[in-house]
Amino acid sequence: ETLVSGAPLAKETAFRMAGVTLKDVDFCEIYDCYTFTVLVTLEDYGFCKKGEGGPFVENGTIGPRGSMPVNTGGGELSAYYMWGMTPISEGVIQIRGDGGKRQVAKHDIGLVSGNGGILSTHSTLVLGRNP
């Protein structure tokens, strides 16, 4: 069986509260304690089917100029680790338009994730430029 995280449940609650759908999301800041965590989380949010995370990211989809930029500041594995606050920090930077050379073109709605407990505990935060 494929590994499953708590993202589906957290997504359902957060998206309902924010009044958004997956199609509204412009970029993601995914908690990346391990490289495979990003793949599992993208799959569990529904950006691609389970087991298809590798091919989904392989073609540049999550790159800075891709159709769904992910971890625009490098994430915790490539930039800095602020005790799980890295995704929130970069999400706020992107929403505000303060990303400099790493700023994504479309940044009205950002999805931020966090997890723990070997992926069983998950948080989803939806950030937006407009109320």
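The values are calculated or read from the model by the stated rules, or taken from the named source; none is laboratory data. Note that this is a predicted model, so its numbers are computed, not measured. FYI the Cβ positions are ideal-geometry reconstructions off the backbone, even for glycines, and counts take in every protein chain you see. Accessible surface is based on the protein model in full, side chains and every heavy atom, while ligands, DNA and RNA are left aside. Shrake-Rupley method; radii C 1.70, N 1.55, O 1.52, S 1.80 Å.
If I filter segment 61-77 for residues that are in contact (Cβ under 8 Å) with a residue 60 or more places away in the chain and within 18 Å of Leu119 (Cα to Cα), do I get at least one hit? Lay out the reasoning, then the answer.
Initial filter on segment 61-77 (in contact (Cβ under 8 Å) with a residue 60 or more places away in the chain): none.
Looking for residues that are in contact (Cβ under 8 Å) with a residue 60 or more places away in the chain and within 18 Å of Leu119 (Cα to Cα), one finds none in segment 61-77, hence no.
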Residue count, segment 28-56 (criterion: in a helix (DSSP H, G or I), crowded, with 20+ Cβ neighbours inside 10 Å and not aromatic (Phe, Trp, Tyr)): 9
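Suppose we filter Gln103, Gln94 for residues that are among the polar types (S, T, N, Q), modelled with pLDDT of 95 or more, in contact with a helix residue (DSSP H, G or I) (Cβ under 9 Å, 6 or more places away or on another chain) and open to solvent by less than 20 Å² (accessible area, probe 1.4 Å); which single one remains? Walk me through it before giving the result.
Numbers: Gln103 fails: open to solvent by less than 20 Å² (accessible area, probe 1.4 Å).
Within the list Gln103, Gln94, the selection yields Gln94.
Return the total of residues in segment 118-130 being loosely packed, with under 13 Cβ neighbours inside 10 Å and either touching a residue at least 24 places away in the same chain (Cβ under 8 Å) or in contact with a His (Cβ under 6 Å, 6 or more places away or on another chain) (or both). Write out each step before concluding.
Applying the first criterion (loosely packed, with under 13 Cβ neighbours inside 10 Å) to segment 118-130 yields 118, 120-121, 130.
Imposing the further condition that a residue be either touching a residue at least 24 places away in the same chain (Cβ under 8 Å) or in contact with a His (Cβ under 6 Å, 6 or more places away or on another chain) (or both) reduces the set to 120-121.
Residues flagged as loosely packed, with under 13 Cβ neighbours inside 10 Å and either touching a residue at least 24 places away in the same chain (Cβ under 8 Å) or in contact with a His (Cβ under 6 Å, 6 or more places away or on another chain) (or both) within segment 118-130 amount to 2.
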